[in-house]
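Visitor: Sharing a structure below in structure tokens format, with a few things to ask.
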Amino acid sequence: MVVESLPDDTAGILRVRGPLEFKCLLDSTDVIPRTFGRLRSEVKSQFCVFTLQNSPVVIWPNRGCAVTPKDLTPNNLLVDLLQWTQSGENEVDKRAARKKNKKTATVRVIDLQLMMEMTRSGPSPTPVISKDVRKSHFLCANLPMDCVVTFTATDTIDRACSRLLEALITQLCEMEKVTLQHMKGNSVLVPEPLHFLLPDPHGLVTVVYPGEVPDSQLETQRRELHQRFGLPEDWPFFRRANVYRFANEPFRDGYLRNPHSALVHPNLDSGKLYLVQGVYSYHHYMQDRMDDNGWGCAYRSLQTICSWFQQQGHVDHAVPTHREIQQALVDVGDKPKAFVGSRQWIGSFEVQAVLNQLFGVTSKIMFVSQGSELASKGRELANHFLTEGTPVMIGGGVLAHTILGVAWSEVTGQIRFLILDPHYTGAEDLQVITDKGWCGWKGPDFWDQTAYYNLCLPQRPRVL
């Protein structure tokens, strides 16, 4: 296991990936350790090479950290490599970078490719051909090496690559342990390295899991990890859904994640922030080729809540469509069959029923007889985000919103609500969404002071 903290002076993440060919005859009990030993020797050899993606930069970390082109030396700062990757950007990438929200700070990632030189100098050995007729099992697989180290603005190429080599050797040792632990007869599972970002002071952690083994069968390993890092055993930090998402790896489904992280939070006298914990995706009107403008706001709020449970690893179920939500309400006996395919609204009680029916998630309902009372619910909402951390759906009249947190002062009673508005109909443009207030902090006057409201507060499962 490799532990890398992300201190305040972190300039970025240095990441190396690439396959190492694992080949051996399963003819003895020590063949697996010997093969891993050979791979560790390869990584330590002069033939190990790092190449910078989309650039002419090549690094030989075991040859005194030799670097090409000639403009670079081992004593160059690691951040100097960034200029070599910018030239590889196409115009689409450049326009996206210019358009990117300036409020959002992302960690730079320098991607290296792990390779081994095939052409090697020195005298060639005389070929010898031998024939040995016997039955045996030959194992051949590619180990998906994936190591990361953080770097600061003062780190040199030489220093950073030395730490990266240490991380590769450590990862091979972890892969050997996992391979031997899960080997059954001649069946071997390919180990899978995954990265997780833990709360301070731990930072970025790399864990090796046995490939193809589902999370449901890895609870023992996760429990050991929680104990090792002193983490609570009622929150899933090490499920595959919790893997760290690098800045240069956008989500392929097109949804924005955690748009509230780009906001400047209010500063109340003696106030504290109580926010949603974990990752969710923003669901709103007109997504997924679905015209639900005017009737689907509660469906979208429910989808945001469902995405939270999915992306924390609590459930394997995909975020339900409008039709699946309606079918769930029919199945539970809350709606007639004709409800499926309709454009009828739903409210907090229906959201509660769907969460229970599809995910087995229970919820509490908070009833507020008029909007003016919401200003006095700071303690209850603060406690919810502190202990449960889930998004809250609030419905009143014909409108539904998602509450992602509160800024609340126990001394003065001041409160602000962090609102994610499902009524947005535009593109997934973080700048527009935050600047126009579709995700933003609202005062008590945001609510209709005379309308009633029901709040659905989902309760998270206490699992690791």
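Visitor: Take Ala427 and Gln53, extend 7 Å from each Cα along the Cα→Cβ direction, and tell me the distance between the two endpoints in nm.
Guide: 2.4 nm
Visitor: Related question: Explain nothing, just compute: Karplus ³J(HN,Hα) = 6.51 cos²θ - 1.76 cosθ + 1.60, θ = phi - 60°, for every residue of region 364-374 in order, whole Hz, x for Gly and Pro.
Guide: Calculated HN-Hα couplings, in order: 9, 10, 9, 9, 10, 5, 8, x, 5, 6, 4 Hz.
Visitor: So for region 244-293, Kirkwood radius off the Cα pairs, Stokes-Einstein at 10 °C and 1.306 mPa s: how many µm² s⁻¹? Please report the intermediate quantities before stating the final value.
Guide: Working: Rh = 13.9 Å.
Answer from the Stokes-Einstein relation: 114 µm²/s.
Visitor: Taking H placed 1.01 Å from N in the peptide plane, check which residues at least 5 places from Thr156 or on another chain put their amide H under 5 Å from its amide H.
Guide: Leu78
Visitor: How much length would be gained if the chain were fully extended between Thr321 and Arg252, taking 0.36 nm per residue of separation minus their Cα-Cα distance, in nm to one decimal?
Guide: 23.0 nm
Visitor: Right, another one. Between Glu212 and Val190, what length in nm is gained on full extension when 0.36 nm per residue of separation is reduced by their alpha carbon distance? Write down the numbers at each step before the final one.
Guide: Numbers: separation 22, 0.36 × 22 = 7.92 nm, distance 0.82 nm.
Answer, rounded to one decimal: 7.1 nm.
Visitor: Summing +1 for each Lys or Arg and -1 for each Asp or Glu, what net charge is found among the other residues whose Cβ lies under 12 Å from the Cβ of Leu457? Don't skip to the answer; put the middle values down first.
Guide: Values: positive: Lys364, Lys377, Arg460; negative: Glu380, Glu388.
Neighbourhood net charge equals +1.
Visitor: Give the share of C-alpha pairs in each 5 angstrom bin for region 164-226, from 0 to the last occupied bin, in whole percents, shortest bins first.
Guide: 4, 15, 23, 27, 18, 9, 3, 1, 0
Visitor: On to the next question. At q = 0.21 Å⁻¹, what is the base-10 log of I(q)/I(0) for region 227-373 according to the Debye formula with one equal point scatterer per Cα and no solvent? Please give it to two decimals.
Guide: -1.43
Visitor: Quick check: residue separation of Gln344 and Asn76 times 0.36 nm, minus the Cα distance between them. What number comes out in nm? It would help to have the intermediate numbers written out before the result.
Guide: Working: separation 268, 0.36 × 268 = 96.48 nm, distance 6.32 nm.
Length gained, Gln344 through Asn76: 90.2 nm.
Visitor: If I model the chain as equal point scatterers sitting on the Cα atoms and use the Debye formula, what is log10 I(q)/I(0) at q = 0.06, 0.07 Å⁻¹?
Guide: So the normalised log intensities are -0.36, -0.48.
Visitor: For region 364-435, report the convex hull volume of the alpha-carbon atoms normalised per residue, in Å³, without decimals.
Guide: It comes to 116 Å³ per residue, whole-number rounded.
Visitor: For the chain, what are the DSSP H helices with axial Cα length of 18 Å or more and mean Kyte-Doolittle hydropathy of at least -0.5? Before the final figure, lay out the partial values.
Guide: Details: long enough: 31-44 (20 Å, -0.35); 157-181 (36 Å, 0.26); 297-311 (21 Å, -0.11).
Span-like helices here: 31-44, 157-181, 297-311.
Visitor: When each pair of different Cα atoms in region 41-87 is counted once in the 1/r mean, what is the Kirkwood radius in angstroms, to one decimal?
Guide: On the way: mean 1/r = 0.0898 Å⁻¹.
Hydrodynamic radius (Kirkwood, Cα only) of region 41-87 equals 11.1 Å.
Visitor: Only Lys, Arg, Asp and Glu count, each charged at its Cβ (+1, +1, -1, -1), so figure out the dipole size of region 313-381 about its Cα centre, rounded to 20 debye. Kindly include the intermediate steps, with their values, before the conclusion.
Guide: Details: 7 positive and 7 negative charges, 30 e Å.
Using only the charged Cβ atoms, the result is roughly 140 debye.
Visitor: A further question on this structure: In Å, what is the Rg of the alpha-carbon atoms in region 402-464, and how long is Dmax?
Guide: Calculated on Cα positions, Rg and Dmax stand at 14.6, 42 Å.
Visitor: Okay, moving on. Within the accessible area of the chain, what % is carbon and sulfur when the probe is 1.4 Å and the other protein chains stay in place?
Guide: Values: 11720 of 23330 Å².
Carbon and sulfur atoms account for 50 percent of the accessible area of the chain.
Visitor: Another question, if that's okay. Which entries of Lys335/Lys377; Lys364/Lys442; Lys272/Lys377; Lys377/Lys436; Lys23/Lys131; Lys135/Lys184 show an alpha-carbon separation above 21 angstrom in the structure shown? Display every interim value, and only then the final one.
Guide: Working: Lys335/Lys377 31 Å; Lys364/Lys442 23 Å; Lys272/Lys377 14 Å; Lys377/Lys436 26 Å; Lys23/Lys131 19 Å; Lys135/Lys184 19 Å.
Those over the limit are Lys335/Lys377; Lys364/Lys442; Lys377/Lys436.
Visitor: Then there is this: List the residues of region 22-60 whose backbone N lies under 19 Å from a point placed 7 Å from the Cα of Gln113 along the Cα-to-Cβ direction.
Guide: 22, 43, 47-60
Visitor: What accessible area per residue, rounded to a whole number of Å², is obtained for the chain using a probe radius of 1.4 Å? Could you put the intermediate results ahead of the total?
Guide: Values: 23330 Å² over 464 residues.
Heavy-atom SASA per residue in the chain reads 50 Å².
Visitor: Could you size up the charge dipole of the chain around its Cα centre, putting +1 on the beta carbon of Lys and Arg and -1 on that of Asp and Glu, and report it in debye to the nearest 20?
Guide: Values: 48 positive and 50 negative charges, 145 e Å.
Dipole magnitude for the chain comes out near 700 debye.
Visitor: Right, next: Regarding region 110-228, what are the three Cα extents along the principal axes, ordered largest first, in Å?
Guide: 58, 42, 19
Visitor: Tell me, what is the FRET efficiency for Asn356 and Asn267 to the nearest 0.05, using R0 = 51 angstrom and their Cβ-Cβ distance as r? The partial results should precede the final answer.
Guide: Details: r = 38 Å, r/R0 = 0.75.
So the FRET efficiency works out to roughly 0.85.
Visitor: Also, I was wondering about something else. Assign unit charges at the C-beta atoms only (+1 for Lys and Arg, -1 for Asp and Glu), then state the dipole size of region 268-343 relative to its Cα centre in Debye, rounded to the nearest 20.
Guide: The calculation lands at about 140 debye.
Visitor: Using alpha carbons only, how many angstrom separate the centre of region 350-385 from the centre of region 401-420?
Guide: Each part's Cα centre sits 14 Å from the other's.
Visitor: Taking just the alpha carbons, could you work out the radius of gyration and Dmax for region 149-284, both in angstroms?
Guide: 18.7, 66
Visitor: Using DSSP to define loop residues, name the chymotrypsin sites (Phe, Trp or Tyr not before Pro) in region 267-301 whose beta-carbon has at most 16 other beta-carbon atoms within 10 Å.
Guide: Those that pass, being in a loop and sparsely packed, are Trp295.
The values are calculated or read from the model by the stated rules, or taken from the named source; none is laboratory data. Fair warning: this is a prediction, and the values are worked out from it, not measured in the lab. Reconstructed Cβ throughout: ideal geometry from the backbone, glycine too, with neighbour counts over all protein chains shown. SASA here: full protein model, heavy atoms, side chains in, ligands and nucleic acids out. Shrake-Rupley method; radii C 1.70, N 1.55, O 1.52, S 1.80 Å.
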